[in-house]
Amino acid sequence: MLMTKFSDLALDPRVLKAVQEAGYETPTPIQAQAIPHALEGKDVLGIAQTGTGKTASFTLPMITILGKGRARARMPRSLVLCPTRELAAQVAENFDIYAKHSKLSKALLIGGVSFTEQDKLIDRGVDVLIATPGRLLDHFERGKLLLTGVQIMVVDEADRMLDMGFIPDIERIFSLTPFTRQTLFYSATMAPEIERITNTFLTGAVKIEVARQATTSETIEQKLIQVTPTRKERSFADKRAVLRALIRAEGEACTNAIIFCNRKMDVDVVAKSLKQHGFNASPIHGDLEQSQRMKTLDGFRDGSLHLLVASDVAARGLDIPAVSHVFNFDVPTHPEDYVHRIGRTGRAGRKGKAYTIAVPSDEKHVTAIESLVKQAIPRGELPEGFSLEDRPDRPERDNARGERSERPARGRRGRDRDRREEPRVEAVEAPAAAVPEVREVREERPPRREERRDERREGGNNRRERDRDRREERVVGMGDHVPDFLLRSFRIPSLTASDEEEPVPEAAEEMLAGDGEA
């Protein structure tokens, strides 16, 4: 039997008081069906679209169950796993709202925050640990955390975990927790991999499906704006023009809006382009510092920021009930992301609008989305008075101003090639009187490589010959300092008839006398 009030759900009186102070009296379908089973200690498999109140459906019974008992140091009593920092922060905020009359402690473990502060919280002991998988395993591997005391484990947005590649981490975390834990498993869609996980780690789970898988809320008015770019290279610029026209056409009805892009780099470009055209816009994606992301989200929540340009990191985890519009600047490549994106509007029974801008190349993605949600997305028209053909045919601004340039970037080689070709073109187009001068210049062209090589070889041979001639002509003299004995000759002249009259040196006579004695 479907309950109609929170007071019928056997929740802790302190929890009921907090719920009433928050302004809620009637539970949503997922809350009405999941809370009783969770209070009985059963495993729950909840399948519901985003924005249906899944967070409260596990937060309220957790606070009630954990009201008895006390946490020990480094051993949290419950664990909530979220795919993104924003979703984890949202769960932490919900816990603060509903547990303000209960003496329960919590810790939020997300990236971009100092390990030291998080370690201090864990050392004191926490009843509820809310974390992203990566940061949780970081603490565990550093020996700062034990999961053997976990009584209740919650996996939120499991299909998003699958998309982000967290399934191996989830399986490891499951293995670190006690087998006797209670598991609450929530997902908007049931992919085969998600079903395998639930069959492995959930025991006798109660399956609760409050809406058809991957259906969109009836409170959201959807429109598909099909755009045919004036030129292929202007697709990005034309889509930006259409986006601006749609926002202006909505006027005051667009109190705030989230604009989704598929790529982080496009998030920055679209946000910068909107700012240049006078819109109050700011980007948010995974590459930004956590402090900057939180500052941007706070500005969007308090109304000081009008347009939030986001990647899919913000498609889930933004609990802002009063978002009036969602614009899909890019058609999501994964059909499930379409459901989560437009689910940011039309929450808590409010009306919302979702516009999707599509170019001809997006046709296959649109078909996949319509197949998933089992209905055609209504086609819309461009705003009255707006036409892409009426836009001035001017080149795009450069990237320094946040726009894409139509002219492809040229490298140094391309520029050098252009410079080499320019004189040749001028010579051809020169008047007839200048032709002789051109020919004369060409006759005095520098020698080719082969000619220069021959000249170097010939010059080398001539140089070697000149060096050899210089060595042969060189005169080697002894100078005036040569000792006298070196200038004397010891050759004994032969005695011939013509030389008998010449006297024989005394040294020679002595030598002859010595030879005779020998």
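The values are calculated or read from the model by the stated rules, or taken from the named source; none is laboratory data. In this text, all values refer to a predicted model and were calculated from it rather than measured experimentally. Glycine also receives a Cβ, built like all others from the backbone with ideal geometry; neighbour counts cover every protein chain displayed.
Collect the residues in the range 69-95 that are more than 20 Å from residue 174 (Cβ to Cβ) and among the charged types (D, E, K, R), keeping them in residue-number order.
Listed by number, the residues that qualify are 70, 72, 85, 86, 93.
Here are some conditions: (1) outside the structural domain of residue 161 (by TED's automatic domain parsing); (2) on the phi > 0 side of the Ramachandran plot; (3) not polar (S, T, N, Q). Residue 204 meets all but one. Which one does it not meet?
Condition (1) is where residue 204 drops out.
Within the range 265-280, which residues are surrounded by 15 or more Cβ atoms within 10 Å (Cβ to Cβ) and farther than 16 Å from residue 344 by Cβ?
To start, the set of residues in the range 265-280 that are surrounded by 15 or more Cβ atoms within 10 Å (Cβ to Cβ) comprises 266-275, 279.
Across the range 265-280, the qualifying residues are 266, 268, 269, 270, 271, 272, 273, 274, 275, 279.
So, residue 52, is that one surrounded by fewer than 23 Cβ atoms within 10 Å (Cβ to Cβ), of a type outside the set (A, V, I, L, M, F, W, C) and under 15 Å from residue 94 (Cβ atoms) or not? Steps first, answer last, please.
Numbers: surrounded by fewer than 23 Cβ atoms within 10 Å (Cβ to Cβ): yes; of a type outside the set (A, V, I, L, M, F, W, C): yes; under 15 Å from residue 94 (Cβ atoms): yes.
Yes.
Is it the case that the range 68-87 has a residue that's surrounded by fewer than 23 Cβ atoms within 10 Å (Cβ to Cβ), at pLDDT 90 or above and either part of a helix (DSSP H, G or I) or among the β-branched types (Val, Ile, Thr) (or both)?
Checked against the condition, which is being surrounded by fewer than 23 Cβ atoms within 10 Å (Cβ to Cβ), at pLDDT 90 or above and either part of a helix (DSSP H, G or I) or among the β-branched types (Val, Ile, Thr) (or both), the range 68-87 yields no hits at all.
Suppose we filter the range 1-28 for residues that are of a type outside the set (Phe, Trp, Tyr), surrounded by 17 or more Cβ atoms within 10 Å (Cβ to Cβ) and within 41 Å of the chain's Cα centre (by Cα); how many remain?
Residues in the range 1-28 being of a type outside the set (Phe, Trp, Tyr), surrounded by 17 or more Cβ atoms within 10 Å (Cβ to Cβ) and within 41 Å of the chain's Cα centre (by Cα): 5 in total.
Which numbered condition trips up residue 338, out of (1) surrounded by fewer than 23 Cβ atoms within 10 Å (Cβ to Cβ); (2) touching a Ser or Thr at 6+ places or on another chain (Cβ under 8 Å); (3) not aliphatic (A, V, I, L, M)?
The one condition residue 338 does not meet is (1).
Out of the range 139-181, which residues are small (Gly, Ala, Ser), within 30 Å of the chain's Cα centre (by Cα) and not in a helix (DSSP H, G or I)?
Once the filter is applied, which keeps residues that are small (Gly, Ala, Ser), within 30 Å of the chain's Cα centre (by Cα) and not in a helix (DSSP H, G or I), the range 139-181 yields 143, 165.
Could you check the range 231-273 and list, in sequence order, the residues that are outside any helix (DSSP H, G or I) and of a type in the set (D, E, K, R)?
Residues of the range 231-273 that are outside any helix (DSSP H, G or I), as a first pass: 231, 254-263.
Within the range 231-273, 231, 263 qualify.
Determine, yes or no, whether residue 184 is in contact with a Phe, Trp or Tyr (Cβ under 6 Å, 6 or more places away or on another chain) and assigned to a helix (DSSP H, G or I).
Numbers: in contact with a Phe, Trp or Tyr (Cβ under 6 Å, 6 or more places away or on another chain): yes; assigned to a helix (DSSP H, G or I): no.
No; evaluated as a whole, the condition is false for this residue.
Are any residues in the range 59-98 closer than 14 Å to residue 12 by Cα and touching a Gly at 6+ places or on another chain (Cβ under 9 Å), and if so, which ones?
65
Restricting attention to the range 334-383, report how many residues are touching a helix residue (DSSP H, G or I) at 6+ places or on another chain (Cβ under 9 Å), farther than 21 Å from residue 324 by Cβ and part of a loop (DSSP other than H, G, I, E, B).
Total meeting the criteria: 3.
Report every pair of residues separated by at least 6 positions or lying on different chains whose Cβ atoms are under 7 Å apart, first residue within the range 19-41 and at negative phi, second modelled with pLDDT of 90 or more and among the hydroxyl-bearing types (Ser, Thr, Tyr).
19/98; 30/57; 31/57; 34/57; 35/57; 39/64
Given the structure, is residue 126 in the same structural domain as residue 16 (by TED's automatic domain parsing), crowded, with 18+ Cβ neighbours inside 10 Å and part of a loop (DSSP other than H, G, I, E, B)?
On the way: in the same structural domain as residue 16 (by TED's automatic domain parsing): yes; crowded, with 18+ Cβ neighbours inside 10 Å: yes; part of a loop (DSSP other than H, G, I, E, B): yes.
Answer is yes for this residue.
Looking only at the range 214-249, count every residue that is crowded, with 17+ Cβ neighbours inside 10 Å, over 29 Å from the mean Cα position of the chain (by Cα) and of a type in the set (Asp, Glu) and tell me the total.
0
Of the residues in the range 189-236, how many are small (Gly, Ala, Ser), out of contact with any Pro (no Cβ under 6 Å at 6 or more places or on another chain) and closer than 27 Å to residue 250 by Cβ?
Here the count works out to 2.
Can residue 110 be described as at pLDDT 95 or above and within 16 Å of residue 89 (Cβ to Cβ)?
Numbers: at pLDDT 95 or above: no; within 16 Å of residue 89 (Cβ to Cβ): yes.
So residue 110 fails the test.
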